[in-house]
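Input: a single structure, listed below in structure tokens.
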Amino acid sequence: MFESFVQILTNPNFYSNVVAVTPPILLAALGCAVAEKSNSTNMGMEGIMLISSLTGVLASYYIGHNNPWLELVVAILVGGLLGYLVAFFALKLRVDIILVGIAMNLLGSGGTAFFMYVFTGDRSSTNSLQTGTLPQINIPFIQDIPVLGKILSGQNVLTYVSYVMIFVLSYLVFKTKLGVRIRAVGENANAAESVGISSVRIRTIALIISGMLGGMAGAFMSSAYVSYFAKDITAGRGFIGLAACSMGGANPVPTALTSILFGFFYALSNFARNTGISDNLIKMWPYMATIVGVVIYSIKKTNDEKKRLAGEAGEIVKKEHRHSELH
Amino acid sequence: MLKEKLAALNLANMNAQQKHSLLRMAVSIAIGLGLATLLILLTSDKPMDSLRYYFTAPLQNASYFSYWVQKTIPLIFTGTAVCIMFSANQFNLGLEGSFLFGGLVAAVINIYITPFNPALGIPLSLVAGALVGALITFIPALLDRLFNASVMVTSLMMNYICLWFSTYLLFSHLKDPRSSKNSYNWAEKDPIMVLKFGKGNQQLTIYFSILIALLVVVLAWFFLYRTKTGYKLRTVGVNHNFARYVGINAVSIAIVVQLIGGAIGGIGGACEIMSNYINYSWVDLTGFGWDGVTIAIFAKNNPKNVPLAAIFIAFLRTGAMVMSYKTNIQNDLTSVIEGVVILFLLAEKFLSKTYRKMIVKETEENRRLEAEMQKKEAN
């Protein structure tokens, strides 16, 4: 059993698989993270992914001559629209945002199954509407490096885009005016309002960006992972994204690393056949890892908070001490 | 005198609030059903047949009626469980896992511990289901208590751990070698918690688990609205800080409600497996845990309203099932309707202008009455 694990872990194809299965989780997690930064939990990520994936496929088939690029663009736009819908119901009509998410998931799972049947007459997948996949890309130079080339090169173009999104999101959240506002609203909406930032507006924008990333994740399922849409094709990846975001403290880079960890376990369950351990057991590991990760993150957060408060208290004591010395 | 008047005014305001709440419920459901009708009309080849099945199927024959009851029972269990947890504002979403494991443990007991002995197997399974179900929601609650880890995330993860662990148990240990997908049987022909009469379309099934479900509803209502702990936990739900300041132990309340919720979910799973199956074959989350959230929203977190909400949703689902079987419509339509109704039902700002008008009208009415009374008194 031990040897078979060593065999998997020394197999470049395994790592190539890790790189290939991570993107939908990564995109969903980054989407949840940007919303979470503005203090909106995007519980509806799963539903957003499903709806944008199906609309992408339908648009590509009916108006785009099976063009997967059109599928991607439509999915991103629909995702953004759904993000706006979450914001509208949660912020304008004041529905609890978690329950909006749950409603979105109901609409996503039921609505996609319903309309898939309306358009294709098929109850399980749109196998009859093959809309093709986005191209795979060989990276010059890197593809010639012995092991690394096999792992990093020859992946789907959307895979590369999704890893680039880590840096885009980091830049957006930490280096732009919008990012500062998103964080300000997330940390203290009243303080942000007092300096003239509309928290509803900023949270709406964050949710739209979150939805667009969800749309991209949905498009990945139906234009990179496979070339069609199937019932519940996302299989809980939206929820896993939510968990990865929580474990990464909603910061883009840690969130991305957590997503890759998930990808690692996903790939491991794909390769587990000859380890002697049931792949069903290995499928449990990423979820267990999340629980452990969330616990570790929470302990760290609580300790940091304690230290910060202790530090502040220390400062106050020092100040008072100085004050009394002066008098 | 003044006191009485104030009380009267207060009551009047309450009425406006209640009326508005009813109105909002009615309008939301009307929007949902209107949307369903529209979608059916637009997409069905035989729209009139489809509509007839969707809205009347459960009343057409004994078999559909039995199916309606069958679909109602698990919704009552998980709906009640979510009511209790949401009343204390605990967003534990681990009920899927509790329900699944409740079913799993009932199957194991009926196959291995009390084989072909329902008189022992049923009570034992219910108790074991409750314990296992409670364990599943207790783990996230404990992690929250110890480390402040988000209950929502850890409970979601518990669901998938339960799913893959039960799938592993099924395929690696419980599976009947003669079958590709199910365990050994624990009954000859009919599930052990039902009685069947008649044949074909006229087959009526009596579900004993509905008695357990209704008992759970009554106990939950009594617990929430007639006991001290229930009052405390609703206070925690309304205002966590206030509850803490008046000396309620919010942490232990949070753990207690999650234990109770999980236990109810586990009993629900055990009842589901013993009422509808003679062997174990679950390889997917049942969805009843999520449905519990929908039901609790419809019932406004009060167990008293759960049976009605469950009957309503199950009615639509039965209709959708029959419609999809008889005409060319996908039965997932009902989830869409549920999602839409939830959104409008919960929207604080939806129909808020009407609410304002209603209050103004009430107040004016009260003033008019008061003025009349004063006139009479003066005379």
query = What is the number of the single condition among (1) closer than 25 Å to B:Ile311 by Cβ; (2) part of a helix (DSSP H, G or I) that B:Leu93 does not meet?
reply = (2)
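Yes/no matrix, rows are residues, columns are (1) free of Cβ contacts under 8 Å to residues at least 12 places away in the same chain; (2) hydroxyl-bearing (Ser, Thr, Tyr):
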| residue | (1), (2) |
| --- | --- |
| A:Asn127 | no, no |
| A:Asn138 | no, no |
| A:Leu148 | yes, no |
| A:Tyr160 | no, yes |
| A:Leu172 | no, no |
| A:Arg183 | no, no |
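Just give me the residues in region B:338-359 being at the interface with chain A (Cβ under 8 Å from one of its Cβ atoms) and in contact with a helix residue (DSSP H, G or I) (Cβ under 9 Å, 6 or more places away or on another chain), in sequence order.
Listed by number, the residues that qualify are B:Glu338, B:Gly339, B:Val340, B:Ile342, B:Leu343, B:Leu346, B:Ala347, B:Lys349, B:Phe350.
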ask   = Is there a residue being hydroxyl-bearing (Ser, Thr, Tyr), farther than 26 Å from A:Thr255 by Cβ and part of a helix (DSSP H, G or I) anywhere in region A:276-294?
value = no
query = surrounded by 21 or more Cβ atoms within 10 Å (Cβ to Cβ) and part of a helix (DSSP H, G or I) - does that describe any residue in region B:111-118?
reply = no
inquiry  = Looking for something on the phi < 0 side of the Ramachandran plot, within 13 Å of another protein chain (Cβ to nearest Cβ) and of a type in the set (Lys, Arg) - is there at least one such residue anywhere in region B:307-318?
reply    = yes
query = Among the residues of region B:75-90, which ones are small (Gly, Ala, Ser) and more than 11 Å from B:Gly265 (Cα to Cα)?
reply = B:Ser87, B:Ala88
ask   = Limited to region B:302-329, what total is found for residues that are in a loop (DSSP other than H, G, I, E, B) and either β-branched (Val, Ile, Thr) or buried (at least 20 other Cβ atoms within 10 Å of the Cβ) (or both)?
value = 2
task = May I ask you to verify whether B:Thr294 is over 26 Å from the mean Cα position of the chain (by Cα), part of a helix (DSSP H, G or I) and in contact (Cβ under 8 Å) with a residue 12 or more places away in the chain?
result = no
task = Identify all residues within region A:100-138 that are facing chain B (nearest Cβ under 10 Å) and touching a strand residue (DSSP E or B) at 6+ places or on another chain (Cβ under 8 Å); write none if there are none.
result = A:Met116
remark   = Filter region B:139-151 for residues that are within 7 Å of another protein chain (Cβ to nearest Cβ) and more than 24 Å from the chain's Cα centre (by Cα); the one that is surrounded by the most Cβ atoms within 10 Å (Cβ to Cβ) is B:Ala149
Which listed residue is surrounded by fewer than 24 Cβ atoms within 10 Å (Cβ to Cβ), modelled with pLDDT of 95 or more and either out of contact with any Phe, Trp or Tyr (no Cβ under 6 Å at 6 or more places or on another chain) or within 14 Å of another protein chain (Cβ to nearest Cβ) (or both), from A:Ile97, A:Ile76 = A:Ile76
inquiry  = Restricting to region B:164-186, give me the number of residues that are touching a residue at least 40 places away in the same chain (Cβ under 8 Å) and crowded, with 17+ Cβ neighbours inside 10 Å.
reply    = 10
key: Residues (within 19 Å of B:Ala16 (Cβ to Cβ) and without any contact (Cβ under 8 Å) to a residue 12 or more places away in the chain) located in region B:364-379   = B:Glu364, B:Arg367, B:Arg368, B:Leu369
Checklist (1) buried (at least 18 other Cβ atoms within 10 Å of the Cβ); (2) in a helix (DSSP H, G or I) applied to B:Ile31, failing item = (1)
request  = Within region A:86-98, identify whether any single residue is of a type outside the set (Gly, Ala, Ser) and more than 30 Å from B:Phe86 (Cβ to Cβ), and answer yes or no.
outcome  = no
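Out of all the residues in region B:342-361, is one or more over 19 Å from B:Ser21 (Cβ atoms) and modelled with pLDDT under 90?
Going through region B:342-361, the residues over 19 Å from B:Ser21 (Cβ atoms) turn out to be none.
No, region B:342-361 has no match at all.
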task = Scan A:Gly211, A:Gly196 and give me the residue that is among the small types (Gly, Ala, Ser) and within 17 Å of the chain's Cα centre (by Cα).
result = A:Gly211
note = Counting only residues that are basic (Lys, Arg) and more than 13 Å from chain B (Cβ to nearest Cβ), region A:249-289 contains a total of 1
task = Kindly list the number of the only condition in (1) in a helix (DSSP H, G or I); (2) of a type in the set (D, E, K, R); (3) modelled with pLDDT under 90 that fails for B:Asp45.
result = (1)
remark   = Taking region A:198-228 and keeping residues outside any helix (DSSP H, G or I) and either of a type in the set (Lys, Arg) or within 14 Å of another protein chain (Cβ to nearest Cβ) (or both) leaves none
query = Under 7 Å by Cβ, and 6 or more places apart or on different chains, what pairs join a residue from region A:245-269 that is touching a residue at least 40 places away in the same chain (Cβ under 8 Å) with one that is basic (Lys, Arg) and part of a helix (DSSP H, G or I)?
reply = A:Ala250/A:Lys37
query = For region A:1-120, which helices (runs of 4 or more DSSP H) that fit wholly inside it have 3 or more residues that are hydroxyl-bearing (Ser, Thr, Tyr)?
reply = A:45-62, A:97-120
inquiry  = Restricting to region B:152-172, name every residue that is more than 7 Å from chain A (Cβ to nearest Cβ) and not polar (S, T, N, Q).
reply    = B:Met152, B:Met158, B:Cys162, B:Leu163, B:Leu169, B:Leu170
request  = Go through the residues of region B:259-266 one by one and say whether even a single one is among the β-branched types (Val, Ile, Thr), in a helix (DSSP H, G or I), buried (at least 21 other Cβ atoms within 10 Å of the Cβ) and in contact (Cβ under 8 Å) with a residue 60 or more places away in the chain.
outcome  = yes
message = Name the single residue that is nearest to the other protein chains (Cβ to nearest Cβ) among those in region A:234-248 being assigned to a loop (DSSP other than H, G, I, E, B) and either surrounded by fewer than 24 Cβ atoms within 10 Å (Cβ to Cβ) or aromatic (Phe, Trp, Tyr) (or both).
response = A:Gly236
query = Can we say B:Leu33 is within 14 Å of chain A (Cβ to nearest Cβ) and in contact with a helix residue (DSSP H, G or I) (Cβ under 8 Å, 6 or more places away or on another chain)?
reply = no
key: Pair list, Cβ under 6 Å, 6 or more apart: region B:188-204 residue more than 13 Å from B:Asn276 (Cβ to Cβ), other residue assigned to a loop (DSSP other than H, G, I, E, B) and modelled with pLDDT of 85 or more   = B:Asn201/B:Asn61; B:Leu204/B:Gly198
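The values are calculated or read from the model by the stated rules, or taken from the named source; none is laboratory data. Worth saying up front: this structure is predicted, and the values here are computed from it rather than measured. All Cβ positions, glycine included, derive from the backbone under ideal geometry; neighbour counts span all protein chains shown.
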